[in-house]
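Shown next, in structure tokens, is the structure this report addresses.
Since every read-out is calculated from the coordinates, none of them should be taken as a lab result. Everything quoted here is computed from the prediction, not taken from an experiment. Counting neighbours? That spans all protein chains shown, and the Cβs are built from the backbone with ideal geometry, glycine included.
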Amino acid sequence: MRAIDANCEYLGLKGLQLMENAGAAIAREVKERIGTGKAVFIAGRGNNGGDAFVAARHLSSDPDIKVYIAIVGQASRIRTDDAKHNFNLLGHCTIEGLIEVTDASHLKDTGWIDDSDVIIDALLGTGISGKIREPESTIIDMINGSGKPVIAVDVPSGFDPDGGDVDKAVKADITLTFHAMKNGLTTPLASKYTSEVKVVNIGVCSDAEKYVGSGDLKVLQRRRADSHKGQSGRILIIGGGPYSGAPALAAMAALRTGADIVTVAAPASVAGTIAAYSPDIIVRPLSSDVLCEEDIETITKLIGSHDVVVIGMGLGRDGRTKKAVSEIIPLCKKVVVDADGLYGIELPIPEGTEMIITPHSGEFRALGGESADDVKAFASSNHLIILLKGKEDTISNGERVAINVTGNPGMTVGGTGDVLAGVTGALFAIASPVEAACCAAFINGAAGDLAFEERGYGLLATDVIDRITDVMK
Ligand SMILES: NC(=O)C1=CN([C@@H]2O[C@H](COP(=O)(O)OP(=O)(O)OC[C@H]3O[C@@H](n4cnc5c(N)ncnc54)[C@H](O)[C@@H]3O)[C@@H](O)[C@H]2O)[C@@H](O)CC1
Ligand SMILES: [K+]
């Protein structure tokens, strides 16, 4: 949902607009439920509280509804601009009562809860993390002990929208959840905390979900301050033979995407050339001039010390290489297969291997696929993730289909596919395969767009690599 929100912003739909729709829906629900009476809003200092401020404003002009708002914490410490904006507007509305609750007793002393006809729980939404603190914890107890009807905003406060363990949460009569059903609300545990769930349309643009956007990059976690070498990905690139540049491009792209360690395992004939491209790449020479079965022992050891394998770039299609690839893939836990590696895939893929393939349309056809319309079914029946490259990239894990539209015709130059494979490998170490594939397509294309601004049709794959960090930032 956070990714969708950010993608909306990227498309020009502001969070404030979504919040207005969310709040308006809450107000309608309150009015439908009580018609006349006292509505007590319990608002936290995040955007969940912001939704409540909007709803309170909408109801404040209704002569039959009396609006009371308890902000948990100090209003001066409201955390987001959207929530602050909507809080400030309440200064121009007819509100029966508004207090700041820094200690749960302040709320108790008002008697509002005992006197209410409905409680609107907007204390905590999807931004919750960790064990419930005070005064929120006691306030949740007060709501649950009140016996009053409760409308929960987005999720019952304290409930994990992803369906994790619940320490303590509000028990609601109805939850109005925004835009899409949250995974956690479909679990059996959810029925303990809400009798009913309604999904409310808040006007999200369909493109925000259909197209990969900058918001999708939000899944890429910030690093912990105490991170150490290796935690952000150890990537093994297996490539080269007839070509030496391809694996080097993939390796440099993986490093620029943030991978900690990138090793290239390449036939001995090209290992020296690859090493000469950059001191940042670790190179492990294989036995001969193409990848072959004699290399499996060396590669098995290398796989054990890396998180993700990216295989295929510049390997060529020698029969020995195809055979070696088909034997290497089952040894990998996480593997990205690109270019010539795609000709060594044996379907169905082995159990215990998570695989992303990055074919262009010709390679996809060689695998038995047909067109972009086929991607979802192909991914589903073969249990893999496809990133089908094209003018628009189509990504699917067999359940969801996403389209990426970054990139430009300047990127038809050789090597940009190798860059994409490297970016995908680096992200696969820190994200789910479908997230990695979506983000990689976006980053590679957006870096290509920046390179195109500078270089036009003369852009090179190395120029794309140079702009990856700008996109990531
Ligand atoms: N564009 C958007 O982002 C939209 C967001 N919406 C609303 O925004 C919500 C998410 O907002 P936020 O990300 O600001 O987060 P929340 O409002 O869910 O919660 C963040 C607040 O809770 C506090 N908190 C977190 N964990 C806590 C704990 N364990 N104990 C006590 N306090 C805790 C934080 O300090 C912070 O003040 C959604 O659930 C939804 O209601 C809607 O307005 C629709 C649009
Ligand atoms: K809530």
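Taking amide hydrogens as placed 1.01 Å from N in the peptide plane, the amide H of residue 241 sits under 5 Å from that of no residue at least 5 positions away in sequence or on another chain.
Near residue 20: Cβ cut-off under 12 Å, other residues only, Lys/Arg at +1 and Asp/Glu at -1. The net charge is 0.
What the phi angles of segment 403-415 give under the Karplus curve with 6.51, -1.76 and 1.60, with θ = phi - 60°, is a coupling list of 10, 10, 10, 6, x, 7, x, x, 7, 6, 4, x, x Hz, glycine and proline written as x.
For the pair segment 25-98 and segment 109-135, the centres of their Cα atoms are 13 angstrom apart. Each residue of segment 172-184 was assigned a 3J(HN,Hα) from its phi angle through the Karplus curve 6.51 cos²θ - 1.76 cosθ + 1.60 (θ = phi - 60°); the sequence is 10, 7, 9, 10, 9, 9, 9, 6, 8, 4, 7, 3, x Hz, with glycine and proline shown as x. For segment 17-118, what is the relative contact order in percent, using Cα pairs closer than 8 Å and at least 6 residues apart in sequence? Answer for segment 17-118 is 32 percent. Here the 3J(HN,Hα) profile of segment 209-218, calculated from phi with Karplus coefficients 6.51, -1.76 and 1.60 at θ = phi - 60°, is 9, 6, 9, 5, x, 4, x, 4, 5, 5 Hz, Gly and Pro shown as x.
Helix 15-34 and the long axis of the chain differ in direction by around 40°, with both axes built from C-alpha atoms.
The slack in the chain from residue 210 to residue 317, taken as 0.36 nm per residue of separation less the alpha-carbon distance, amounts to 35.0 nm. Taking amide H positions as modeled 1.01 Å from N, with prolines and chain starts lacking one, the residues under 5 Å from residue 354 and 5 or more places away or on another chain are 334, 335. Averaging Cα coordinates gives a centre for segment 354-409 and one for segment 167-211; these two points are 30 Å apart. Other residues lying with their Cβ under 12 Å from the Cβ of residue 41 contribute a combined charge of 0, Lys and Arg counting +1, Asp and Glu -1. Between residue 408 and residue 367, the distance separating the two model label sites (each 7 Å from Cα on the Cα→Cβ line) works out to 2.9 nm. Among beta bridges from DSSP that stay inside the chain, the antiparallel ones total about 10%.
Extension gain, residue 173-residue 218: 0.36 nm per intervening residue step, less the Cα-Cα distance, totals 13.0 nm.
The H on the amide N of residue 200, modeled in the peptide plane, is under 5 Å from the matching H of 177, 178, 179, each at least 5 residues off or on a different chain.
The mean sequence separation of alpha-carbon pairs under 8 Å and at least six residues apart, normalised by the residue count of segment 223-472, gives a relative contact order of 19 percent.
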